[in-house]
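All remarks here apply to the structure that follows.
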Amino acid sequence: MDKHFNEVGKARPKIDGKGLVTGRPAYTDDLACGDALVVKIIRSPHAHARIVSVDMSDAQKVSGFVLALSSKDVKRIPFTRAGQGHPEPSPHDKFILDEYVRYVGDEVAIVAAIDEESAAEAARLVKVEYEVLDAVLDFEEAMDNPTVIHPEPEIHDMFPIGFEPKRNIAAAYAMEIGDVEKVLEASEVRIKASYHTQAQAHVALEPHTAYTYLDLHGRLNVITSTQNPFHTRRLLGQALDMPLRNIRIQKPRIGGGFGAKQHLHVEPYAALVTLKTGKPAKVVLSRKEVFEATFSRHQMRIDVGIGATRDGHIRAIDMHVLSNTGAYGEHALTVFMVGGSKTLPLYNKVEAVRFGGQIVYTNKVPAGAYRGYGAIQGNFALESAIDELAAKLGMDPVELRKKNMIAEGQTSEVFKIMGEGGEGVEMIVESCKLDYCVKRGCRLIDWLPSRLAYEVAPGRIRAKGMAIAMQGSGIPLIDMGSANLELQDDGFFKLHMGATDLGTGSDTILAQIAAEELGVDSDDIIVYASDTDHTPYDVGAYASSTTYVSGNAVIRAAQNMKKELCAAAAAKFSVDTDQVEFDGKELRTKDGSRTITLKELSFDVLYHDGLNMKTINASGSFSGEKSPPPYMAGFVEVEIDVETGKVDVLDYVAVVDCGTPINPQLARIQVEGGLLQGIGMALYEDVQYTENGHLRTNNLMHYKIPSREDVKKLTVEFAESYEPSGPFGAKSVGEIGIDTPLAAIANAIYNATGARIRELPLTPPKVLAAIREAAQS
Amino acid sequence: MTITLTVNGQEKVHMITPGAMLVDVLRSAGYTEVKKGCDTGSCGVCTVLLDGLPILSCSYLAAKADGHEITTIRGLEKEAAEFSEFLVGEGADQCGFCSPGLALTVMAMKKELKAPSDEEIKHYLAGNLCRCSGYEGQLRAIKKYLEACRG
Ligand code: FES
Ligand code: FES
């Protein structure tokens with residue numbers, strides 16, 4: 001394996017970085033034209049209701065008013081807002097505007113006006129009469145509840161996903177390898193416990209925004225803050241009953257995604273106004289709307305059973321999950337399945353394993369994709385349970401993991417059985433440095449099994465905890481990316497890709513990959529991405545796929561480009577193509593008798609070659625046959641105030657195997673950013689409601705995300721690893737960082753106090769209560 | 001009503017509604033470098049300098065700014081470009097939505113604090129949230145930048 005790279009593995013600055021810091025217009029709302037109509041969405045104040053009437057007469061009197069629409073003015077087509085492959089593994093259970101509203105914040109009607117003030121005023125004057133219905137707010141009571149949230153007959157799934165709306169079930173699933181009951185029964189030591197994870201809000205700092213206009217051909221152009229332009233085109237076409245050829249989606253810079261923008265929340269409303277009026281229109285959500293009416297993470301209850309021998313060999317794992325999808329079933333099944341498919345293979349030496357459960361509807365903010373995508377919930381439950389087992393066995397939790405965890409060259413039957421929404425693929429793990437990650441992490445955090453906790457001052461305990469994790473790299477056999485390269489005069493290249501940079505720097509990383517394969521500098525690659533009219537297809541940025549899936553597509557395009565360049569030079573030299581070599585600067589015959597620089601060739605083919613002049617371009621596509629997991633060991637040192645229950649994170653050590661980090665600086669930031677979101681979820685981020693289903697945490701004063709004062713230190717290192725199927729050995733790194741903090745911190749609290757908390761977040765009152773309870777027993 | 005603002009050295013009269021917030025007035029006047037991420041003064045992305053001091057323009061009445069000097073990041077383009085070298089160098093410019101507000105606050109901090117410690121830096125910038133970076137990379141960049149400015 002060639003590990004000598006010129007562009008890969010180098011900390012190339014993000015190509016758009018400077019422009020963003022200096023404030024150049026870059027995001028959707030910066031690009032919207034000044035006279036775009038402003039669209040406001042009237043939202044339900046009730047958790048569950050039927051709309052009796054919508055009276056727009058007062059709104060229409062506002063000067064500047066242009067248009068108002070309710071469900072009566074919009075075609076009734078069930079669709080899903082989830083940006084996923086086709087057919088979507090999510091039920092089609094949402095209407096752009098409906099007669100029923102199913103959560104506080106659900107769309108009731110829209111108004112458009114010439115400016116912000118008149119739109120807001122008109123929206124205020126829309127009078128809606130509701131017939132309030134019983135609401136289902138507790139997800140543990142949703143199944144078979146007398147209140148049915150989706151009684152409408154025309155909703156459906158695209159293929160069987162266990163969809164039973166009459167029972168408030170959006171999806172369900174079950175699998176079993178071996179006989180779990182029997183093996184559990186026969187195991188010497190057993191653990192059985194229930195874990196709860198809460199809904200978490202993404203809080204991408206740019207609120208969801210879309211801007212639409214008709215171009216001179218009358219085609220609908222949508223500039224939108226999206227993670228997946230091509231899925232958006234398909235879903236929007238479906239929802240609006242429009243041929244896809246009449247829609248163009250462009251993604252400009254986007255102000256954070258994390259899964260929040262993997263869905264259609266704003267595009268249909270701006271598009272409707274543009275289609276009805278012929279005028280440009282835009283929707284910019286307020287922060288309150290982002291909280292109340294986009295998505296959050298799925299809340300889950302996860303029941304875990306583990307059976308082991310007395311010397312710590314794990315024989316069986318049983319995981320039963322109840323997941324809360326809120327009012328609509330977007331990503332219901334797939335997030336749930338990842339909870340098992342990206343946790344259970346960690347312990348691949350079991351004799352039996354079972355995973356199943358239901359995803360239920362409630363009258364709450366719908367759940368959707370969020371970084372970690374189920375793996376984070378599953379990880380909290382499993383990695384807490386593993387520590388509970390270690391405690392019961394009297395073993396060092398690190399030793400227990402070392403004994404049971406997956407290693408390079410091994411496999412797990414789970415890979416084959418569970419995919420995202422269906423079967424998975426068989427996979428031998430060709431790169432896994434988890435053993436190194438654990439060992440190195442122990443060194444960095446100074447892990448001493450006999451000294452995992454000690455008092456630093458009266459009532460203040462320092463303690464350590466850990467967890468391991470895996471994720472995936474794209475969705476095999478479902479998701480695909482493509483790239484086009486074109487030689488330009490002066491010898492540089494245009495790289496056009498459908499891949500969607502969310503700010504992670506994927507445009508930069510993919511340019512590095514192209515440059516590496518071509519042997520040129522990354523400065524010679526000009527990137528244009530994410531425009532459905534001008535770039536080739538790509539599923540978009542989700543499922544940790546960009547580096548792996550789109551990166552492999554870029555490599556293929558570059559390989560094809562090299563062939564084209566050699567063929568063009570061969571024609572000039574009058575030799576066979578295989579007689580020509582290219583080193584990134586020059587093309588020459590193998591005997592060295594003829595040479596031409598890339599620059600000369602580029603001018604020749606475009607200006608000098610008479611009838612032989614042509615554009616040299618090449619493309620490449622890639623869909624994975626596997627999804628190589630990145631791995632991570634996470635170690636935390638916390639300080640706990642036993643008087644108040646407050647937990648401070650002093651250091652979080654992450655040792656990550658993501659294969660070759662294409663751009664180490666950007667990879668490191670991905671891990672650091674993920675860690676902090678995980679720490680936020682572990683300690684305090686919590687989507688909370690009032691008794692009647694109103695979101696209590698609907699602004700940034702009540703929903704707290706970590707500030708820069710909340711964590712003392714993050715320590716991130718990468719293992720040396722090389723994934724043979726990845727571009728230059730790379731796997732993904734976007735999600736893995738978020739997975740371990742939940743369990744690692746809960747485990748540290750246990751190590752410090754003997755209090756086992758199975759319900760997130762680990763807030764001071766909860767920690768304090770658990771400490772008191774532990775002290776009593 | 002009308003107010004007069006001097007934005008990045010340019011004096012202009014703006015028509016506003018009485019309750020308008022400064023961020024909205026600036027954005028609709030074309031200063032799109034001022035971002036808006038919340039409406040409650042909680043995230044810091046709308047930071048501008050008012051007579052040289054950082055304020056949150058989403059919770060600052062435009063009327064109150066009448067007659068004052070406003071500086072957005074584009075008014076400090078040279079300094080911002082210098083700072084961006086460090087931020088970009090650490091890979092800490094992710095989605096970039098928080099960057100203009102952060103950069104302005106760093107400029108203000110540079111004037112106000114002499115050789116600040118890590119804790120002081122974090123404290124000064126605590127109101128500037130970032131959801132992408134995890135802050136560590138930003139801290140590395142800010143320290144190197146301050147170091148370089150000291151020469
Ligand atoms: S937009 Fe002003 S603080 Fe968030
Ligand atoms: S870089 Fe995205 S919020 Fe800071």
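The values are calculated or read from the model by the stated rules, or taken from the named source; none is laboratory data. Remember, predicted model here, so these are calculated numbers, not experimental data. Every residue, glycine among them, receives a Cβ derived from its backbone with ideal geometry; neighbour counts consider all protein chains shown. With ligands, DNA and RNA removed, areas are computed over all heavy atoms of the protein, side chains included. Shrake-Rupley method; radii C 1.70, N 1.55, O 1.52, S 1.80 Å.
Average partner chain C-beta neighbours within 10 Å, per residue of A:669-678? Intermediate values should be presented prior to the final figure.
On the way: counts 11, 5, 2, 9, 11, 2, 2, 7, 3, 1.
Mean partner-chain Cβ count within 10 Å for A:669-678: 5.
Quick one: net charge of residue A:436's neighbours, Cβ under 12 Å, K/R +1, D/E -1?
Result for the local shell: 0.
To the nearest 20 debye, what charge dipole does chain A have about its Cα centre, counting +1 at the Cβ of each Lys and Arg and -1 at the Cβ of each Asp and Glu?
Dipole size: approximately 640 debye.
Number of Lys-Lys pairs in region A:569-668 under 28 Å by Cα, sequence gap 8 or more or different chains?
Within region A:569-668, the lysine pair count is 9.
Could you check the spin-label model distance between residue A:423 and residue A:242? Points 7 Å from the Cα along Cα→Cβ, value in nm.
Result: 3.9 nm between the two label points.
Which order do B:15, A:561 take when ranked by solvent-accessible area (1.4 Å probe, heavy atoms of all protein chains), largest first?
Ranked from most to least accessible, the order is B:15, A:561.
Provide the packing ranking of A:429-439, B:48-58, i.e. peptides ordered by the mean count of other C-beta atoms within 10 Å per residue, highest first.
Top to bottom by mean Cβ count within 10 Å: A:429-439, B:48-58.
Could you work out the relative contact order of chain A? I mean the mean sequence separation of Cα pairs under 8 Å and 6+ apart, divided by the number of residues, in percent.
Dividing the mean separation by the residue count of chain A yields 15 percent.
Once the piece of chain linking residue A:10 and residue A:127 is laid out straight, how much longer is it, given 0.36 nm per residue of separation minus the C-alpha distance between them?
Length gained, residue A:10 through residue A:127: 36.3 nm.
Using Cα pairs closer than 8 Å and at least 6 residues apart in sequence, work out the relative contact order for region A:618-732, in percent. Spell out each step's value before the answer.
Details: 153 pairs, mean separation 40.1, N = 115.
Relative contact order comes out at 35 percent.
Compute the Rg/Rh shape ratio of region A:721-777: radius of gyration over Kirkwood radius, all on alpha-carbon atoms.
Dividing the radius of gyration by the Kirkwood radius yields 1.30.
Stretch residue B:123-residue B:85 to full length: gain in nm at 0.36 nm per residue minus the Cα-Cα span?
Contour length minus Cα-Cα distance gives 11.4 nm.
Compute the normalised compactness of region A:677-777: alpha-carbon radius of gyration over 2.2 N^0.38 Å, N being the residue count.
Taking the Cα Rg and dividing by 2.2 N^0.38 Å, one obtains 1.41.
Cα-based Rg (one decimal) and Dmax (whole number) for chain B, in Å?
Answer for chain B, Rg first and Dmax second: 15.3, 48 Å.
Taking only the alpha-carbon atoms of the protein assembly as shown, what semi-axes of the equivalent ellipsoid follow from 5 times the gyration tensor eigenvalues under a square root, in whole Å, largest first? Intermediate values should be presented prior to the final figure.
On the way: eigenvalues 309, 275, 186 Å².
Square roots of five times the eigenvalues give 39, 37, 30 Å.
With an 8 Å Cα cut-off and a minimum separation of 6 or more residues, compute the relative contact order for region A:443-573 in percent.
On the way: 188 pairs, mean separation 36.3, N = 131.
After rounding, I find 28 percent.
Using a 1.4 Å probe on protein heavy atoms, which residues of region B:72-107 have at least 50 Å² less accessible area in the complex than alone?
B:74, B:88, B:93, B:94, B:95, B:97
Sorted by mean Cβ packing within 10 Å, highest first, what order do the peptides A:216-225, B:131-140, A:257-266 take? Display every interim value, and only then the final one.
Numbers: A:216-225: 18.6, B:131-140: 25.7, A:257-266: 28.8.
So the order, starting with the most tightly packed, is A:257-266, B:131-140, A:216-225.
Order the following by accessible area, largest value first: A:337, A:242. Probe radius 1.4 Å; ligands, DNA and RNA are ignored. List each step's numbers first, then the result.
On the way: A:337 0, A:242 40 Å².
The ranking, largest first, comes out as A:242, A:337.
Could you check the spin-label model distance between residue A:559 and residue A:534? Points 7 Å from the Cα along Cα→Cβ, value in nm.
2.9
Ratio of region A:515-626's C-alpha Rg to 2.2 N^0.38 Å, to two decimals? List each step's numbers first, then the result.
Values: Rg = 16.1 Å, N = 112, 2.2 N^0.38 = 13.2 Å.
Its radius of gyration relative to the 2.2 N^0.38 Å reference: 1.22.
From largest accessible area down, sort B:35, A:10; use a 1.4 Å probe on the protein chains.
A:10, B:35
For residue B:113 and residue B:66, FRET efficiency with R0 = 41 Å and r from the beta-carbon atoms, rounded to 0.05?
Plugging the Cβ-Cβ distance into 1/(1 + (r/R0)^6) gives 0.85.
Under a GNM of chain B (C-alpha, springs under 10 Å), which listed residue has the highest mean-square fluctuation: B:130, B:46, B:95?
Looking only at B:130, B:46, B:95, the biggest GNM fluctuation is shown by B:95.
Pop a pseudo-label 7 angstrom from the Cα along the beta-carbon direction at both residue A:86 and residue A:777 and give the gap in nm to one decimal.
5.3
Count the net charge of all other residues whose Cβ sits under 13 Å from the Cβ of residue A:300, scoring Lys and Arg as +1 and Asp and Glu as -1.
Taking every other residue near residue A:300 into account, the sum is 0.
With runs of 4+ DSSP H residues as the only contributors, calculate the mean residue ellipticity of chain A at 222 nm using -39,500 (n - 2.57) per run, divided by the residue total and rounded to the nearest 500.
-8000 deg cm²/dmol
List the pairs from A:261/A:282; A:342/A:464; A:182/A:349; A:75/A:261 whose alpha-carbon separation is above 18 Å, in the order I gave them.
Beyond 18 Å between Cα atoms: A:342/A:464; A:75/A:261.
Just add up the charged neighbours of residue A:251: K/R +1, D/E -1, any other residue whose Cβ is under 10 Å from the Cβ of residue A:251. Intermediate values should be presented prior to the final figure.
Values: positive: A:253, A:261; negative: A:501, A:531.
Cβ neighbours under 10 Å give a net charge of 0.
What's the extension gain from residue A:607 to residue A:219 if we count 0.36 nm per residue and subtract their Cα-Cα distance? List each step's numbers first, then the result.
Working: separation 388, 0.36 × 388 = 139.68 nm, distance 3.47 nm.
The span from residue A:607 to residue A:219 would gain 136.2 nm if fully extended.
Any idea which of A:644, A:681, A:610 is furthest toward the positive side of the dipole for region A:578-691, if Lys and Arg beta-carbons carry +1 and Asp and Glu beta-carbons -1?
A:610
Beyond 19 Å, what percent of the Cα pairs of region A:151-219 remain? Write out the running numbers ahead of the final one.
Working: 1722 of 2346 pairs.
Considering region A:151-219, 73 percent of its Cα-Cα pairs are separated by more than 19 Å.
Over the Cα atoms of region A:233-299, what radius of gyration and what Dmax do you get, in Å?
13.2, 41
Given the peptides B:104-115, A:520-531, A:535-546, arrange them by the average over their residues of other C-beta atoms within 10 Å, most packed first.
By packing density, highest mean first, the sequence is A:535-546, A:520-531, B:104-115.
Beyond 22 Å, what percent of the Cα pairs of region A:418-502 remain?
On the way: 2262 of 3570 pairs.
Value for region A:418-502: 63 percent of Cα pairs lie more than 22 Å apart.
Taking beta carbons within 10 Å but only from partner chains, what does the mean come to for residues A:251-258?
Going residue by residue through A:251-258 and averaging, the value is 4.
Could you compute the FRET efficiency for residue A:450 and residue A:717, with r as their C-beta to C-beta distance and R0 at 35 Å, rounded to 0.05?
Efficiency, from the Cβ-Cβ distance: 0.90.
Name the residues of region A:319-347 whose amide N is less than 20 Å from a point 7 angstrom out from the Cα of residue A:152 along the C-beta direction?
Output list for this probe position: A:325-333.
Report the FRET efficiency, 1/(1 + (r/R0)^6), for residue A:190 and residue A:443, where r is their Cβ-Cβ distance and R0 is 30 Å, rounded to 0.05. Don't jump to the answer; show the numbers that get you there.
Details: r = 33 Å, r/R0 = 1.10.
Given R0 = 30 Å and the Cβ-Cβ separation, E is 0.35.
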